[in-house]
Amino acid sequence: MNIHQVSVTYLPEHDRFLARISSREGEELRLWLTRRLLLPLMPALTKTATEQLARGTSKIDPAAPPDIQRQRMVENFKKEALAHAADFKTPYQAKDAALPLGKEPLLVTEIKMSLLASGKLQLDLIEKLPGQGRNVQVAMNAQLTQGLLHLLNQGLKKSQWLKPPPSANLETAADAAEPGEEVQKPRYLN
């Protein structure tokens, strides 16, 4: 699949993300990403994306002449800048695309990641449900991987999944008050 655009949208009514990946060939993959899958995935995806960038950069030999060291640093900077230069302004173009996985999005229950020799990150997206199973493989270059991470991080902020639940950070007014300070008790509507 030759990826053209990626969209990640948090849908509060489902409390999950809808990821859409369109190809230059006119196909679209639709994926559901749940909290149970995404929260543990993010640190691993971030680490793998960093490794992907590192693989694409040249090692700088401290014994090399300064001109060679400078050239390698410039090359490395250009590669990293390319990875961060994704286009987030162009809206996702929802057109009548072929849906190779069907109309219903694939509910991703498992993801396998591997860095290929070509430098691309391959994601095996697997749906394991009783009575059925689907999967798809997607390979992304460093720029696409960084763009996907950016979209997922934006979605996580919007979803507020990273904030502790309200009951975890409730502090009673009496606990927060200084000694000798009068505290007004909360009132409730019954």
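The values are calculated or read from the model by the stated rules, or taken from the named source; none is laboratory data. All of these numbers come straight from a predicted model, not from anything done at the bench. Cβ placement follows ideal geometry from the backbone for every residue including glycine, while neighbour counts extend to all protein chains displayed.
Structure notes:
- Which listed residue is of a type outside the set (A, V, I, L, M, F, W, C) and at pLDDT 90 or above, from K95, K157: K157
- Members of the stretch 1-24 found to be in contact (Cβ under 8 Å) with a residue 60 or more places away in the chain and among the charged types (D, E, K, R), listed by number: D15, R20
- Filtered residues of the stretch 1-54 (kept if in contact with a Leu (Cβ under 7 Å, 6 or more places away or on another chain), more than 20 Å from K112 (Cβ to Cβ) and of a type in the set (D, E)): E28
- Failed condition for L101, given (1) within 16 Å of R20 (Cβ to Cβ); (2) in contact (Cβ under 8 Å) with a residue 60 or more places away in the chain; (3) assigned to a strand (DSSP E or B); (4) not polar (S, T, N, Q): (3)
- In the stretch 114-127 there is no residue matching the filter, namely being part of a helix (DSSP H, G or I) and either farther than 20 Å from Q5 by Cα or touching a residue at least 40 places away in the same chain (Cβ under 8 Å) (or both).
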